[in-house]
Amino acid sequence: MADPAPAQELSYEAAREELVEVVRRLEAGGTTLEESLALWERGEHLATACQRWLDGARERLDAALEGDEEQDG
């Protein structure tokens, strides 16, 4: 199996979908300690990538709202 794409290169939707799968696999159990650690690390990277997407979206929304307020002001 090929190495997964770096989390920061994934779209928000792809990162979130993979994160859901990682959580499902961890909750299901049945993996070795090494596999569980690898899944956990991948999940951390995916969660960070998702948070960056959300933070960026919030910044863009805030900037757009500020621009609207300046035009109305």
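The values are calculated or read from the model by the stated rules, or taken from the named source; none is laboratory data. These numbers were taken from a predicted model, which means no experiment stands behind them. A quick note on method: Cβ atoms are made from the backbone with ideal geometry, for glycine too, and the neighbour counts reach across all protein chains shown. Protein only, heavy atoms only, side chains kept; ligands, DNA and RNA dropped before computing areas. Shrake-Rupley method; radii C 1.70, N 1.55, O 1.52, S 1.80 Å.
Determine, yes or no, whether LEU54 is of a type in the set (A, V, I, L, M, F, W, C) and in contact (Cβ under 8 Å) with a residue 40 or more places away in the chain.
Criteria met by LEU54.
How many of the residues in segment 49-65 are closer than 15 Å to ALA5 by Cβ and either assigned to a loop (DSSP other than H, G, I, E, B) or open to solvent by less than 90 Å² (accessible area, probe 1.4 Å) (or both)?
Counting residues in segment 49-65 that are closer than 15 Å to ALA5 by Cβ and either assigned to a loop (DSSP other than H, G, I, E, B) or open to solvent by less than 90 Å² (accessible area, probe 1.4 Å) (or both) gives 2.
Taking the criterion of being open to solvent by 90 Å² or more (accessible area, probe 1.4 Å), within 19 Å of PRO4 (Cα to Cα) and touching a residue at least 24 places away in the same chain (Cβ under 8 Å), would at least one residue in segment 20-42 satisfy it?
No; the residues of segment 20-42 include none that is open to solvent by 90 Å² or more (accessible area, probe 1.4 Å), within 19 Å of PRO4 (Cα to Cα) and touching a residue at least 24 places away in the same chain (Cβ under 8 Å).
Determine, yes or no, whether LEU46 is surrounded by 11 or more Cβ atoms within 10 Å (Cβ to Cβ), hydrophobic (A, V, I, L, M, F, W, C) and closer than 27 Å to ALA5 by Cβ.
Working: surrounded by 11 or more Cβ atoms within 10 Å (Cβ to Cβ): yes; hydrophobic (A, V, I, L, M, F, W, C): yes; closer than 27 Å to ALA5 by Cβ: yes.
It is true that LEU46 is surrounded by 11 or more Cβ atoms within 10 Å (Cβ to Cβ), hydrophobic (A, V, I, L, M, F, W, C) and closer than 27 Å to ALA5 by Cβ.
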